[in-house]
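Worksheet: one structure, shown below.
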Amino acid sequence: MKKTIGILGLSLVLLLSFGFSVLAQPKEATESVITTYYATPKVVPLGADRAVMSYDAIGLTISDTGQGLFHQGTVRIIGLLTIEKGKLNDERGSGVWNLMNGDKVFVTVKAAGEMAKPGVAGITKGTVTIIGGTGKCSGIKGSFEFTRYALPSAAIEGVIQSYVKANIKYMLP
């Protein structure tokens, strides 16, 4: 009898230990979103068909479900890229998402694609890497692929307007 109670007790301790370790596992999530951007570019020509461009882009993210960590978050990305014969090469950027709860999520961007032409949106594909955060997002990690559509004509001259479709994948500790 004592042996059975001992085995049951040990089993209960092991089960609870395992249960608590499962609860302590990072939470993995995916959010399908669209982010609209307003970017101010600075372009320096490097010859007839080549230039370097920096940009400061601000945006607003809306999730497909109307909820989630990134829903209604604002984002700012500062980046640099080269343009060669209408192609965007070696785009690199860094930025911060400002979430509705006051937390921040920090990211880096790598991308390549094409410039917009009259009547045709420019399409760029790339990867965002989540490198950290504040508050409840401290220790957040993740990465995701995105597609950006730069519109051929903006509402204001000297501005680039675009939108990004992505499935943000992340893990919270």
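Laboratory data are not the source of any read-out in this text; all were calculated from the coordinates shown. Here the structure is a predicted model, which means the values were calculated and not measured. With ideal geometry, Cβ positions are generated from the backbone for all residues, glycine too; neighbour counts draw on all protein chains shown.
Here are the numbers for this structure:
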{"item": "Reference-scaled alpha-carbon Rg (2.2 N^0.38 Å with N residues) for segment 29-142", "result": "1.16"}
{"item": "Cα-centre dipole for segment 14-173 with unit charges at Cβ (Lys and Arg positive, Asp and Glu negative), debye to 20", "result": "160"}
{"item": "Extension gain, VAL159 back to THR129 (0.36 nm per residue minus Cα-Cα distance, nm)", "result": "8.2 nm"}
{"item": "Partners for LYS87 among lysines (Cα-Cα distance below 24 Å; same-chain residues under 8 apart left out)", "result": "LYS42, LYS110, LYS117, LYS125, LYS165"}
{"item": "ILE78/ALA29 FRET efficiency (R0 30 Å; Cβ-Cβ; nearest 0.05)", "result": "0.70"}
